Structures are given as structure tokens and as C-alpha cells.
Amino acid sequence: MKAMGPIPTGFAASADGSLLIGGTEGLRLIGEHGAPLFVYDRSVIDRQVARFRSAFAGVDLHYAVKANPHPALLAHMGTLVDGFDLASAGELATVEAAGLLRPGLPVSFAGPGKGNPDLTDALDCGVCVHVESDGELDRLLSVARVIGKQPSVGVRVNPPFGLKGSGMKMGGLASQFGVDHEAVPALVRRIVEAGAEWRGLHVYAGSQSLSAEAVIEMQRATVALAGDIAAEVGLTPPEVNLGGGFGIPYFSGDKPLDIDAVGEALAETLAARPAVLRDTRFVIELGRWLVGECGVYLTRVVDRKVSRGKTFLVVDGGLHHMLAASGNFGQLLRRNYPVAVANRFGDEPEEEVTIVGCLCTPLDLLADEVMLPRAEVGDVIAIFCAGAYGLTASPQAFLSQGAAREVLV
Ligand SMILES: *Cc1c(COP(=O)(O)O)cnc(C)c1O
């Protein structure tokens, strides 16, 4: 038997033992919407935003759209957060189509490789471009001249530190992301001299951290770095985006990030911030921590077989929808996501099974040697922590299998 990750809090069984998501049984949701199905529970998002607000008074919250760009989820997010952070022109189009772009709502567009059409879209929509290099600033300024728009520009900084122990380290190294911190003051001067609006600094040093200590240290270093850059330029940045990096528990032994401890430490850091940052607006941008736990991927058992003593449940979904659960989305070691038999959620585990998807590749392993209640053909498997980097982070065209549905409840 192998362990699985903890099922996120807030999921309970109905009177007849079925998993409830947003108050509705998984089987009923599949009956209404089809399978395989991603269900996003808005009450979980509401809970996370409320926890953030209570821990980080006075700090703005932005949603990083790449974690989950489902239109209904975005529209709900629009009622909760203070801004959006985008990483492509496609995300910009999705946010615009959801009716979320409105004057005064901060929306920023970061990411390497923004081409002239992307920059044109950003200028047309009036969103703030976070430039990642000198060359990108040149192109932004020339596109803006051609189409007669006043650019609003932030600078993505490649910091001299990273988020310690985070899943993906993005800082302290040579990087395609951001401008090396020592070159930032000169770039800011160029923005101001060109007559563009300088909106501030953006420092993103890593993701998926469960260590309050590491996040606190990163935020302290970020505020200090922003203060040094601002002092060297001699201007107050209107906004400093402190990045995010808040993780959620996925695997056995993972403990939730203590965000109250992070909030207390950040309040102290900000109270003691350099004078040049006195009037700066501080932002934390989160994706996974806001939406990861709201999502459940429901997939039906289509076959049950025993091979050399090992029981396999073969489901109608797979890694083409939920790559991360197969261990192939940047993980070094494959470990089991939390899973359950949705229509027997209240039952005790009674057998060891391996759950595989319908793709013709051994990579399509969704749960390896886990203990579950007995599941038959037609039963429904729930994979938790599917709200971030689920469907849109998966190779949906691989093997030409069916599409997944998505619903916000
Ligand atoms: C991916 C990304 C995020 C979101 O990361 P999460 O781990 O989902 O919170 C935020 N900002 C930037 C710049 C990113 O690249």
C-alpha cells in the first residue's frame, strides 16, 4: 500500500455516503454535465479569499489566471479579488470576454516572449505590461507610438534570491523571467524618460511553498529590494507586487502553509519599510492557493481487472485532463494525490487498487496502490486538488480521447 495526500477540508458525505461538492452529489453532477468532469466549488474559493483578507489586511490580492482560466470561475473571482495577473494575450481575451476589464481594476500582463500582437492587445485594453527585458521595453514603446497609446509599464525583477524549498525555484539564478535586479534602476529611468507611466515593480521568486518561514524571508527580501531600487531611481513605485508562492498540501505528510504567521510577519515588515515605499500599494498574486482545493476531477470506472495479483481500476479520464495527478507536471518523484470513490465517500477503505486512465501509455497512472472502498464499473472516482493546473495544464489532444467538462457550483 502507498499513502495518498490529505483530502482538503470542507468535503463531506451525504446521508447515503456520496461525496458532496458544493452541496450536490458527484453522481448527480455527472448526470447533469457528463463525465469526466471538473467541478469547482465556489464556497472553497470564498473561504480562501476570506482567510487571505483576515491575514493580510491592507495588502491587495490579485488572481493569477494561469492557475485556472475557466470563465465562470473567473467571473466569480472578479467579485472577490482586487486585480488579475495575466501571462498571455489569450488570458487577456478570456478576462475581457468574462466582462472583467473595467477602468480602475488593476490588470497586469507578465511573461517572457510577449510578441508585438500581444503588446498591441495589452495597450488596446489598457492593461499594465510587466516588461521582462530591455528589448521588450523597446518594442512596447515603439508599438505604443505606432498605435498612439500611452503605455502603463511595470518591471518584472529577477531577484538575487529565490523562495527556499519551493516546488519551482524562480530567482537567484540566470533566468528568462524578469530583468536582473542591478539593471532595473536604469530601465525604470528609461520608462520615465520615454513619457510612459511607470506602475512599479513585480518580483516573483517561486511557487508551491508550505513553509511560512521561507515565504516570510522572501517577502522581507522583496520589500528590501524594492526599497533599494526605488531609492536608487529616486521615485516611489505606485505598486510593488510581492509575488505569491503560497502552496497547498498535495501529498502524504504535507502540512498547510501557516498564512496567519506570514500575514503577521508581513505587517511587521511593511510597518518598518523604507520611507520611499511609504505610499506604495502592495500586492500578493496567488493562483493555486486560491483555487487548487476548490476543484474535484470526477471520472468513471470503465473496467476493473486483476493482473498478477494487482487490482486495476481503469477510468474514462486520465492524464490528458489531469496531468499533475500522474506525477508528470514537474514533479521529481511520483506521489499520490488525494483520491476517493465519490459514491462511497462515507465507507471504510477495504482493498488496495491502482487507478489508471484510458490513455495507451504507462504514464497514465492516477493513483498507485491506494486503499479505497470497493469500486465497480460505473462507480465514480474523485481526484482532489484539481482546481489549479488541472485541465489547462494537461495535454488534452494526446491520444485523441474525449474532452473533459467543467462546472462551477
Ligand atoms: C505561475 C505564476 C503565478 C501563480 O503561481 P501559483 O503557484 O499558482 O500561486 C503567479 N505569478 C507569476 C508571475 C507566475 O508565473
Odd one out for Pro249, checked against (1) surrounded by 21 or more Cβ atoms within 10 Å (Cβ to Cβ); (2) closer than 30 Å to His33 by Cβ:
(1)
Under 7 Å between Cβ atoms, which residue pairs at least 6 apart in sequence (or on different chains) link something in the stretch 189-215 that is closer than 16 Å to Val179 by Cα and at pLDDT 95 or above with a partner that is in a helix (DSSP H, G or I) and within 14 Å of the ligand (Cβ to nearest atom)?
Val203/Thr222
Residues satisfying the stated conditions in the stretch 213-245, i.e. under 19 Å from the mean Cα position of the chain (by Cα) and either part of a loop (DSSP other than H, G, I, E, B) or surrounded by fewer than 19 Cβ atoms within 10 Å (Cβ to Cβ) (or both):
Leu242, Gly243, Gly244, Gly245
What is the number of the single condition among (1) outside any helix (DSSP H, G or I); (2) within 15 Å of the ligand (Cβ to nearest atom); (3) touching a Cys at 6+ places or on another chain (Cβ under 7 Å); (4) free of Cβ contacts under 8 Å to residues at least 60 places away in the same chain that Leu92 does not meet?
(1)
Some residue of the stretch 313-325 being within 16 Å of the ligand (Cβ to nearest atom), modelled with pLDDT of 95 or more, part of a strand (DSSP E or B) and crowded, with 23+ Cβ neighbours inside 10 Å
no
What about Leu101, is it assigned to a loop (DSSP other than H, G, I, E, B), touching a strand residue (DSSP E or B) at 6+ places or on another chain (Cβ under 7 Å) and without any contact (Cβ under 8 Å) to a residue 60 or more places away in the chain?
yes
Can you confirm whether Glu182 is outside the structural domain of Leu332 (by TED's automatic domain parsing), more than 16 Å from the ligand (Cβ to nearest atom) and within 23 Å of the chain's Cα centre (by Cα)?
no
Only listed residue being among the aromatic types (Phe, Trp, Tyr), within 15 Å of the ligand (Cβ to nearest atom) and in the same structural domain as Arg199 (by TED's automatic domain parsing), chosen from Phe52, Phe84:
Phe84
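The values are calculated or read from the model by the stated rules, or taken from the named source; none is laboratory data. The structure presented is a predicted model; accordingly, all values stated were derived computationally and were not measured. As a convention, Cβ positions derive from the backbone with ideal geometry for all residues, glycine included, and neighbour counts pool all protein chains shown.
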